[in-house]
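The values are calculated or read from the model by the stated rules, or taken from the named source; none is laboratory data. Remember, predicted model here, so these are calculated numbers, not experimental data. For neighbour counting, all protein chains shown are included, and Cβ atoms are generated from backbone atoms with ideal geometry for every residue, glycine included.
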Amino acid sequence: MVGKIAILAFPAARGKPQGGMNHLGPWRRGLRELCRSLIEVLLPPTCGACGQSSGGPLCGLCTAHLQRIRPPWCPRCAEPLLLAGDRCRADHRTLTGLAFARAPFAYAGTGGALVRRWKLDGDPVAAATLGRAMAIAVAADCLGPWRKALLVAVPLHAERRRQRGFDQAEWLARDLARRLGLEYLPGALRRTRRTMPQGDPRVLSRSRNVAGAFATARARDLADRRVVLIDDVRTSGATARECAQVLRAAGVSQVALLTACRS
Ligand SMILES: [Zn+2]
Ligand SMILES: [Zn+2]
(Lines give C-alpha, C1' and ligand atoms only; values in the text may rest on other atoms or scores of the structure.)
(Ligands and ions follow the chains in the order given, each with its own letter.)
Protein backbone atom coordinates (compact mmCIF):
# COMPACT_ATOMS: atom_id res chain seq x y z
CA MET A 1 0.00 0.00 0.00
CA VAL A 2 2.83 2.34 0.91
CA GLY A 3 4.39 1.64 -2.48
CA LYS A 4 1.17 2.34 -4.38
CA ILE A 5 0.77 5.67 -2.60
CA ALA A 6 4.32 6.62 -3.43
CA ILE A 7 3.94 5.66 -7.08
CA LEU A 8 0.87 7.87 -7.34
CA ALA A 9 3.09 10.70 -6.15
CA PHE A 10 5.39 10.17 -9.17
CA PRO A 11 3.06 11.09 -12.03
CA ALA A 12 5.57 10.22 -14.75
CA ALA A 13 5.67 6.65 -13.48
CA ARG A 14 2.17 6.09 -14.71
CA GLY A 15 -0.11 7.07 -17.51
CA LYS A 16 0.84 8.32 -20.94
CA PRO A 17 4.51 7.81 -21.84
CA GLN A 18 6.50 11.02 -21.84
CA GLY A 19 10.09 11.99 -22.55
CA GLY A 20 12.84 11.57 -19.96
CA MET A 21 13.41 13.98 -17.09
CA ASN A 22 15.70 16.00 -19.32
CA HIS A 23 12.66 17.32 -21.19
CA LEU A 24 10.72 18.51 -18.15
CA GLY A 25 10.52 22.18 -17.31
CA PRO A 26 12.52 23.34 -14.27
CA TRP A 27 9.39 23.95 -12.16
CA ARG A 28 8.15 20.42 -12.83
CA ARG A 29 11.54 18.94 -12.00
CA GLY A 30 11.53 20.93 -8.77
CA LEU A 31 8.02 19.67 -7.95
CA ARG A 32 9.12 16.10 -8.46
CA GLU A 33 12.18 16.53 -6.24
CA LEU A 34 9.89 18.05 -3.60
CA CYS A 35 7.60 14.99 -3.83
CA ARG A 36 10.62 12.71 -3.41
CA SER A 37 11.78 14.62 -0.33
CA LEU A 38 8.28 14.62 1.21
CA ILE A 39 7.96 10.87 0.73
CA GLU A 40 11.33 10.33 2.36
CA VAL A 41 10.32 12.46 5.35
CA LEU A 42 6.76 11.14 5.74
CA LEU A 43 7.38 7.43 5.30
CA PRO A 44 9.45 5.50 7.83
CA PRO A 45 12.59 3.98 6.28
CA THR A 46 11.88 0.41 5.18
CA CYS A 47 14.00 -2.23 3.48
CA GLY A 48 13.37 -2.30 -0.29
CA ALA A 49 13.71 -6.10 -0.39
CA CYS A 50 11.68 -7.32 2.63
CA GLY A 51 9.70 -4.26 3.77
CA GLN A 52 10.93 -4.42 7.38
CA SER A 53 11.94 -1.17 9.01
CA SER A 54 15.61 -0.44 8.46
CA GLY A 55 18.12 2.36 8.75
CA GLY A 56 18.71 2.49 4.98
CA PRO A 57 17.45 1.15 1.66
CA LEU A 58 18.30 -2.45 2.71
CA CYS A 59 18.20 -4.11 6.16
CA GLY A 60 21.24 -5.94 7.49
CA LEU A 61 19.93 -9.41 6.61
CA CYS A 62 19.03 -8.45 3.02
CA THR A 63 22.39 -6.70 2.61
CA ALA A 64 24.08 -9.94 3.71
CA HIS A 65 22.13 -11.88 1.05
CA LEU A 66 22.74 -9.38 -1.76
CA GLN A 67 24.97 -10.84 -4.47
CA ARG A 68 26.60 -7.92 -6.26
CA ILE A 69 28.20 -8.40 -9.67
CA ARG A 70 31.25 -6.15 -9.77
CA PRO A 71 34.26 -5.48 -12.01
CA PRO A 72 36.64 -6.86 -12.99
CA TRP A 73 34.23 -8.44 -15.42
CA CYS A 74 34.06 -9.47 -19.05
CA PRO A 75 33.54 -6.30 -21.11
CA ARG A 76 30.97 -8.13 -23.25
CA CYS A 77 28.81 -10.13 -20.80
CA ALA A 78 29.94 -8.80 -17.38
CA GLU A 79 30.78 -12.29 -16.13
CA PRO A 80 33.08 -11.69 -13.10
CA LEU A 81 36.75 -12.37 -13.85
CA LEU A 82 39.61 -12.96 -11.42
CA LEU A 83 41.70 -10.27 -13.12
CA ALA A 84 40.79 -7.62 -15.69
CA GLY A 85 41.76 -8.92 -19.14
CA ASP A 86 41.31 -12.63 -18.25
CA ARG A 87 39.55 -14.73 -20.90
CA CYS A 88 35.80 -15.04 -20.36
CA ARG A 89 34.46 -18.59 -20.49
CA ALA A 90 30.78 -17.66 -20.76
CA ASP A 91 28.82 -18.46 -23.93
CA HIS A 92 28.56 -15.15 -25.79
CA ARG A 93 26.05 -16.60 -28.26
CA THR A 94 23.42 -15.72 -25.66
CA LEU A 95 24.26 -12.07 -26.44
CA THR A 96 23.98 -12.30 -30.23
CA GLY A 97 23.13 -8.84 -31.58
CA LEU A 98 24.09 -7.13 -28.30
CA ALA A 99 27.29 -5.10 -27.94
CA PHE A 100 27.45 -5.70 -24.16
CA ALA A 101 25.27 -6.55 -21.17
CA ARG A 102 25.43 -5.23 -17.61
CA ALA A 103 23.59 -6.05 -14.38
CA PRO A 104 24.56 -5.01 -10.84
CA PHE A 105 22.92 -7.93 -8.99
CA ALA A 106 22.44 -11.69 -9.23
CA TYR A 107 18.76 -12.68 -9.19
CA ALA A 108 19.38 -15.21 -6.42
CA GLY A 109 18.83 -13.79 -2.93
CA THR A 110 18.13 -10.12 -2.36
CA GLY A 111 18.44 -9.03 -6.03
CA GLY A 112 15.38 -11.09 -6.96
CA ALA A 113 13.53 -9.94 -3.83
CA LEU A 114 14.10 -6.29 -4.83
CA VAL A 115 12.79 -6.93 -8.35
CA ARG A 116 9.69 -8.79 -7.09
CA ARG A 117 8.96 -6.13 -4.50
CA TRP A 118 9.23 -3.43 -7.15
CA LYS A 119 7.26 -5.30 -9.80
CA LEU A 120 4.50 -6.76 -7.63
CA ASP A 121 4.17 -4.19 -4.81
CA GLY A 122 5.39 -1.04 -6.58
CA ASP A 123 7.78 -0.30 -3.69
CA PRO A 124 9.67 2.94 -4.54
CA VAL A 125 12.54 2.07 -2.16
CA ALA A 126 13.16 -1.11 -4.17
CA ALA A 127 12.92 0.84 -7.45
CA ALA A 128 15.39 3.49 -6.29
CA THR A 129 17.83 0.84 -5.04
CA LEU A 130 17.70 -0.94 -8.40
CA GLY A 131 17.94 2.29 -10.42
CA ARG A 132 20.93 3.57 -8.48
CA ALA A 133 22.84 0.28 -8.83
CA MET A 134 21.99 -0.05 -12.54
CA ALA A 135 23.27 3.47 -13.21
CA ILE A 136 26.56 2.72 -11.45
CA ALA A 137 26.94 -0.60 -13.34
CA VAL A 138 26.68 1.04 -16.77
CA ALA A 139 28.05 4.55 -16.14
CA ALA A 140 31.55 3.72 -17.38
CA ASP A 141 30.07 2.35 -20.64
CA CYS A 142 28.01 5.47 -21.39
CA LEU A 143 31.02 7.39 -22.61
CA GLY A 144 32.54 7.87 -26.08
CA PRO A 145 30.17 6.70 -28.79
CA TRP A 146 27.57 5.61 -26.19
CA ARG A 147 27.29 9.01 -24.51
CA LYS A 148 24.37 9.87 -26.80
CA ALA A 149 22.70 6.45 -26.56
CA LEU A 150 18.93 6.21 -26.27
CA LEU A 151 17.30 4.27 -23.45
CA VAL A 152 14.52 1.93 -24.59
CA ALA A 153 12.48 -0.21 -22.20
CA VAL A 154 11.50 -3.83 -22.88
CA PRO A 155 7.72 -3.29 -22.73
CA LEU A 156 4.97 -5.22 -21.04
CA HIS A 157 2.01 -6.21 -23.18
CA ALA A 158 -0.66 -3.46 -22.99
CA GLU A 159 -3.08 -5.79 -21.19
CA ARG A 160 -0.48 -6.79 -18.56
CA ARG A 161 0.40 -3.14 -18.07
CA ARG A 162 -3.26 -2.30 -17.45
CA GLN A 163 -3.52 -5.10 -14.86
CA ARG A 164 -0.36 -4.02 -13.04
CA GLY A 165 -1.03 -0.29 -13.29
CA PHE A 166 2.50 0.53 -14.40
CA ASP A 167 5.36 -0.85 -16.48
CA GLN A 168 8.35 -1.58 -14.26
CA ALA A 169 10.99 -1.43 -17.03
CA GLU A 170 9.59 1.81 -18.40
CA TRP A 171 9.79 3.42 -14.96
CA LEU A 172 13.38 2.22 -14.51
CA ALA A 173 14.28 3.61 -17.95
CA ARG A 174 12.88 7.03 -17.01
CA ASP A 175 14.77 6.94 -13.71
CA LEU A 176 18.00 5.93 -15.46
CA ALA A 177 17.62 8.69 -18.05
CA ARG A 178 17.70 11.17 -15.17
CA ARG A 179 20.59 9.49 -13.39
CA LEU A 180 22.75 9.02 -16.51
CA GLY A 181 21.78 12.16 -18.44
CA LEU A 182 20.66 10.06 -21.41
CA GLU A 183 17.46 10.33 -23.43
CA TYR A 184 14.63 7.86 -22.84
CA LEU A 185 12.60 7.11 -25.96
CA PRO A 186 9.10 6.06 -24.89
CA GLY A 187 7.03 3.81 -27.13
CA ALA A 188 10.04 2.68 -29.18
CA LEU A 189 9.09 -0.99 -28.69
CA ARG A 190 5.71 -2.62 -28.14
CA ARG A 191 4.59 -6.19 -27.60
CA THR A 192 2.45 -7.40 -30.45
CA ARG A 193 1.14 -10.41 -28.54
CA ARG A 194 1.04 -11.78 -25.01
CA THR A 195 3.83 -14.20 -24.11
CA MET A 196 4.25 -16.60 -21.20
CA PRO A 197 6.65 -15.35 -18.50
CA GLN A 198 10.09 -16.65 -19.55
CA GLY A 199 10.53 -18.35 -16.16
CA ASP A 200 7.27 -20.33 -16.50
CA PRO A 201 8.06 -24.08 -16.46
CA ARG A 202 5.63 -24.58 -19.37
CA VAL A 203 7.95 -22.53 -21.61
CA LEU A 204 10.03 -25.13 -23.45
CA SER A 205 11.86 -22.70 -25.73
CA ARG A 206 12.40 -19.16 -24.50
CA SER A 207 13.44 -18.01 -27.98
CA ARG A 208 10.24 -19.38 -29.52
CA ASN A 209 8.17 -17.90 -26.70
CA VAL A 210 9.19 -14.35 -27.69
CA ALA A 211 9.75 -14.85 -31.45
CA GLY A 212 7.92 -12.11 -33.36
CA ALA A 213 6.47 -10.70 -30.12
CA PHE A 214 7.93 -7.19 -30.52
CA ALA A 215 7.61 -4.39 -33.05
CA THR A 216 9.19 -0.96 -33.27
CA ALA A 217 7.60 2.40 -33.65
CA ARG A 218 9.40 5.73 -34.05
CA ALA A 219 11.83 4.36 -36.66
CA ARG A 220 12.85 7.92 -37.54
CA ASP A 221 14.06 8.52 -33.95
CA LEU A 222 15.90 5.20 -33.85
CA ALA A 223 17.79 5.33 -37.16
CA ASP A 224 21.59 5.20 -36.75
CA ARG A 225 21.35 5.56 -32.95
CA ARG A 226 22.84 3.38 -30.23
CA VAL A 227 20.27 1.92 -27.85
CA VAL A 228 20.61 0.67 -24.26
CA LEU A 229 17.74 -1.74 -23.64
CA ILE A 230 16.35 -1.64 -20.10
CA ASP A 231 14.72 -4.64 -18.41
CA ASP A 232 14.42 -5.95 -14.86
CA VAL A 233 15.96 -9.42 -15.26
CA ARG A 234 18.15 -11.18 -17.81
CA THR A 235 17.79 -14.96 -17.80
CA SER A 236 18.52 -16.69 -21.11
CA GLY A 237 18.86 -13.40 -22.99
CA ALA A 238 16.17 -14.51 -25.48
CA THR A 239 13.94 -11.46 -24.92
CA ALA A 240 16.85 -9.03 -25.32
CA ARG A 241 18.07 -10.83 -28.47
CA GLU A 242 14.61 -10.60 -29.98
CA CYS A 243 14.30 -6.88 -29.12
CA ALA A 244 17.82 -6.20 -30.46
CA GLN A 245 16.97 -7.91 -33.75
CA VAL A 246 13.82 -5.80 -34.17
CA LEU A 247 15.65 -2.57 -33.25
CA ARG A 248 18.51 -3.27 -35.63
CA ALA A 249 16.04 -4.02 -38.42
CA ALA A 250 14.62 -0.53 -37.74
CA GLY A 251 18.05 1.03 -38.34
CA VAL A 252 19.58 1.10 -34.82
CA SER A 253 23.39 0.86 -35.16
CA GLN A 254 24.16 -0.99 -31.90
CA VAL A 255 22.18 -2.36 -28.96
CA ALA A 256 23.38 -3.01 -25.39
CA LEU A 257 21.45 -4.46 -22.46
CA LEU A 258 21.13 -3.16 -18.90
CA THR A 259 19.12 -5.16 -16.39
CA ALA A 260 18.80 -4.97 -12.61
CA CYS A 261 19.58 -8.69 -12.15
CA ARG A 262 20.86 -11.66 -14.07
CA SER A 263 20.25 -15.28 -13.26
ZN1 LIG B 1 15.37 -6.59 4.30
ZN1 LIG C 1 31.91 -12.75 -21.34
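Structure values in brief
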{"read-out": "Count of the stretch 75-128 residues which are assigned to a helix (DSSP H, G or I) and either within 16 Å of ligand 1 (Cβ to nearest atom) or among the small types (Gly, Ala, Ser) (or both)", "value": "16"}
{"read-out": "Pairs with Cβ under 7 Å, 6+ apart, first in the stretch 36-56 and under 27 Å from GLY109 (Cβ atoms) and modelled with pLDDT of 70 or more, second among the hydroxyl-bearing types (Ser, Thr, Tyr) and loosely packed, with under 11 Cβ neighbours inside 10 Å", "value": "PRO45/SER53; THR46/SER53"}
{"read-out": "Those helices (runs of 4 or more DSSP H) lying entirely in the stretch 163-263 with at least 3 residues free of Cβ contacts under 8 Å to residues at least 40 places away in the same chain", "value": "206-210"}
{"read-out": "Checking SER236 against (1) within 16 Å of PRO155 (Cβ to Cβ); (2) modelled with pLDDT under 95; (3) under 19 Å from the mean Cα position of the chain (by Cα), the condition it does not meet", "value": "(1)"}
{"read-out": "Of all residues in the stretch 136-149 being touching a helix residue (DSSP H, G or I) at 6+ places or on another chain (Cβ under 8 Å) and surrounded by fewer than 23 Cβ atoms within 10 Å (Cβ to Cβ), the one that is modelled with the highest pLDDT", "value": "ALA139"}
{"read-out": "Counted residues, the stretch 57-74 - those being out of contact with any helix residue (DSSP H, G or I) (no Cβ under 9 Å at 6 or more places or on another chain), in contact (Cβ under 8 Å) with a residue 12 or more places away in the chain and more than 16 Å from ligand 2 (Cβ to nearest atom)", "value": "1"}
{"read-out": "Test result for ARG132, out of contact with any helix residue (DSSP H, G or I) (no Cβ under 6 Å at 6 or more places or on another chain) and assigned to a loop (DSSP other than H, G, I, E, B)", "value": "no"}
{"read-out": "Number of the exception - CYS77 against (1) more than 12 Å from ligand 2 (Cβ to nearest atom); (2) modelled with pLDDT of 95 or more", "value": "(1)"}
